[in-house]
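Taken together, the values in this text are just the output of simple stated rules run on the coordinates, not laboratory data. Predicted model only: the values in this text are computed from it and were never measured. Backbone-built Cβ (ideal geometry, glycine too); neighbour counts: all protein chains shown.
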Amino acid sequence: MASVVMADVDEDNANREAFSRPLHKAFLANKVVCPMPQCVQHKLFFENNGLAQHFRMAHKKQMTDQDLSNSYSFMKRMYGEETLKYISYLSEKSTKTLASGSWFDVSGEGKVISIFGQDPKEVAKIYGMFLLHSGKLKTYCGSK
Ligand SMILES: [Zn+2]
């Protein structure tokens with residue numbers, strides 16, 4: 001459900017122009033990133049079958065289970081990082097558009113992020129999107 005909320009926000013044309021979310025689009029399209037160093041920095045995304053073909057063609061080797069596992073790890077980490085940046089972007093925007101609200105510091109994993117929201121409950125939900133997108137929060141409704 002949390003990802004639906006973020007997806008809805010992404011449908012806003014103004015946001016789409018101001019903030020690009022390539023990981024979010026790849027995730028919704030069930031694409032994964034090539035985990036090889038020369039590819040991951042350029043965020044080359046593929047469907048699962050396409051990644052195996054990409055390994056044969058570009059890297060001249062068969063994709064292993066470890067390669068796929070590395071790909072999922074990169075996707076979660078990069079998607080989480082992207083979501084954190086997006087949360088910061090939306091928080092800044094909310095200070096201008098919301099009639100009321102406050103900044104709340106949320107800490108986790110040695111990092112502190114300031115999130116703007118109406119109350120702590122709303123801020124906790126927003127931070128939950130980061131946890132979900134980075135793979136740290138398990139869902140009970142599917143594989144994502
Ligand atoms: Zn590659």
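Assorted remarks:
- The condition of being within 15 Å of the chain's Cα centre (by Cα), in a loop (DSSP other than H, G, I, E, B) and within 24 Å of V33 (Cα to Cα) holds for only one of G128, G135, that being G135.
- Hey, F116 in contact with a Gly (Cβ under 6 Å, 6 or more places away or on another chain) and either more than 20 Å from K43 (Cβ to Cβ) or surrounded by 13 or more Cβ atoms within 10 Å (Cβ to Cβ) (or both) or not: yes
- Looking only at residues of the range 26-41 that are among the hydrophobic types (A, V, I, L, M, F, W, C) and closer than 18 Å to K60 by Cβ, we find that the one that is farthest from the ligand (Cβ to nearest atom) is V40.
- Close pairs from the range 58-81: first of a type in the set (S, T, N, Q), partner within 14 Å of the ligand (Cβ to nearest atom), Cβ under 6 Å, at least 6 apart: N70/P35; S71/V32; S71/V33; S71/P35
- Residue count, the range 45-74 (criterion: closer than 21 Å to L23 by Cα, more than 9 Å from the ligand (Cβ to nearest atom) and among the hydrophobic types (A, V, I, L, M, F, W, C)): 4
- Restricting attention to the range 87-105 and to residues that are within 18 Å of the chain's Cα centre (by Cα) and without any contact (Cβ under 8 Å) to a residue 40 or more places away in the chain, the residue that is surrounded by the fewest Cβ atoms within 10 Å (Cβ to Cβ) turns out to be S88.
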